[in-house]
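The values are calculated or read from the model by the stated rules, or taken from the named source; none is laboratory data. Nothing here was measured: the structure is a model prediction, and the numbers come from that model. Cβ coordinates were reconstructed from backbone atoms using ideal geometry, including for glycine residues, and neighbour counts include every protein chain displayed.
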Amino acid sequence: MTAHTIIRPAILLLVSVLAVEAMAQEEPPREHVSRTFAGTQVINAQSVETVPRKRSFGFMIQHRFGAFGPDKQAMKQFVGLDLPANIRFAFQYAPMDGLHLELGRSKNGKMVDLGAKAALLRQTVENEVPVSVSAWADVGLMSDDFPTVGERDFFADGVTPFAYRFEHRLWYNAQVIVARRFGERFSLQLAPVAVYRNLVPVGGSHLTVALPLSGRLKVSTKGSLLFEVAPVLEGRQANDHREPLAIAYEVATAGHVFQIVLASSQEIIEQRVYTLARSRYDEGYMHLGFNIARTLFMKPKRPRP
């Protein structure tokens with residue numbers, strides 16, 4: 001075997017590798033679909049979105065007034081605004097792109113919750129990746145006083161005297177969020193959610209599994225209609241169960257999201273929305289409310305010279 005017969009194939013192989021590498025470098029990067037939803041939440045349900053951009057902050061106010069319905073008290077109570085309300089404040093921080101941490105506090109139950117959301121997949125314009133996928137996990141701590149326990153209260157075995165423990169305050173929530181933006185105006189997502197409560201009434205289910213379906217329809221440059229319905233598959237209310245639902249009108253800009261909400265429940269976080277009873281919306285009773293979200297974008301750090 002001569003040197004010529006060795007060098008020629010080697011040169012051809014090297015040229016081929018360099019050509020493939022050059023073609024790969026010239027191939028444009030995948031373009032991701034942006035703003036499938038305007039904010040990190042649809043209405044009550046988590047959206048597939050995370051706080052955009054590393055080191056940025058988010059702040060949310062979520063408010064639900066008392067129930068109002070088709071009776072004489074509706075106007076006297078100013079469609080529920082005069083009644084006791086539930087409110088939640090939440091702060092978010094993105095330590096890296098595609099991940100944010102969240103700390104919130106709700107009035108009902110005096111719930112403090114700590115969660116994290118990570119973007120696992122992002123839909124691409126060319127449809128190589130047809131959907132966006134995120135994961136969300138959250139733990140809630142009920143800091144309100146426990147109800148009084150009587151001498152005749154027992155655990156489910158009917159023998160052990162009941163006594164509260166710290167773990168009874170903890171409620172957990174985890175979900176996978178799958179969403180797709182169909183064109184410029186319509187987005188749809190499905191977010192299977194599992195909620196676990198350490199303390200439930202006798203006969204109640206520790207585990208609640210729901211299947212929230214959410215959608216967004218843009219009706220103008222900044223305005224959108226939103227809807228949510230969440231069939232509960234496990235842990236349904238024993239008597240007269242009604243599925244959680246909500247609708248909203250949203251106005252969104254680059255850093256602000258404002259929503260007018262009509263919901264079946266006064267509850268806000270998943271641990272309570274999907275586990276506690278809803279108002280009689282089948283008889284016309286609903287809760288008016290609003291969500292406000294603000295994102296504070298931080299400029300990327302400039303590389304050091």
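Return the residues of segment 193-211 that are part of a loop (DSSP other than H, G, I, E, B) and under 16 Å from Ala135 (Cα atoms); say none if nothing qualifies.
Passing the criteria: only Leu211.
Residues to consider are Ala179, Ala94, Ala118; find the one that is within 26 Å of Lys299 (Cα to Cα), buried (at least 19 other Cβ atoms within 10 Å of the Cβ) and touching a residue at least 24 places away in the same chain (Cβ under 8 Å).
Ala94
Starting from segment 49-75, keep only residues that are farther than 26 Å from Val176 by Cα and without any contact (Cβ under 8 Å) to a residue 24 or more places away in the chain, then list their pairs with residues that are outside any loop (DSSP other than H, G, I, E, B) and not aliphatic (A, V, I, L, M) whose Cβ atoms are within a distance under 7 Å, requiring at least 6 positions of separation or different chains.
Going by the 7 Å Cβ cut-off, the qualifying pairs are Ala74/Phe68.
Suppose the filter is surrounded by fewer than 20 Cβ atoms within 10 Å (Cβ to Cβ), of a type in the set (Lys, Arg) and either closer than 18 Å to Ile247 by Cβ or under 26 Å from the mean Cα position of the chain (by Cα) (or both); does Arg88 pass it?
Considered against the rule, which asks whether it is surrounded by fewer than 20 Cβ atoms within 10 Å (Cβ to Cβ), of a type in the set (Lys, Arg) and either closer than 18 Å to Ile247 by Cβ or under 26 Å from the mean Cα position of the chain (by Cα) (or both), Arg88 comes out as no.
For the subset of segment 225-235 comprising residues that are assigned to a loop (DSSP other than H, G, I, E, B) and surrounded by 16 or more Cβ atoms within 10 Å (Cβ to Cβ), which member is modelled with the highest pLDDT?
Ala230
Given the structure, is Ala246 under 19 Å from Arg278 (Cα atoms) and hydrophobic (A, V, I, L, M, F, W, C)? Can you show your working first?
Values: under 19 Å from Arg278 (Cα atoms): yes; hydrophobic (A, V, I, L, M, F, W, C): yes.
Yes: the conditions hold for Ala246.
Would you mention how many residues in segment 250-305 are assigned to a strand (DSSP E or B) and either modelled with pLDDT under 95 or of a type outside the set (Asp, Glu) (or both)?
Residues flagged as assigned to a strand (DSSP E or B) and either modelled with pLDDT under 95 or of a type outside the set (Asp, Glu) (or both) within segment 250-305 amount to 21.
Search segment 237-249 for residues being within 18 Å of the chain's Cα centre (by Cα) and not in a strand (DSSP E or B), and hand back the single one that is nearest to Phe65 (Cα to Cα). If you could, list the steps in order and put the result at the bottom.
Taking segment 237-249 and keeping what is within 18 Å of the chain's Cα centre (by Cα), we get 243-249.
Add one more test, that the residue is not in a strand (DSSP E or B), and what stays is 243-244.
Details: Glu243: 19, Pro244: 16 Å.
Checked segment 237-249; the qualifying residue nearest to Phe65 (Cα to Cα) is Pro244.
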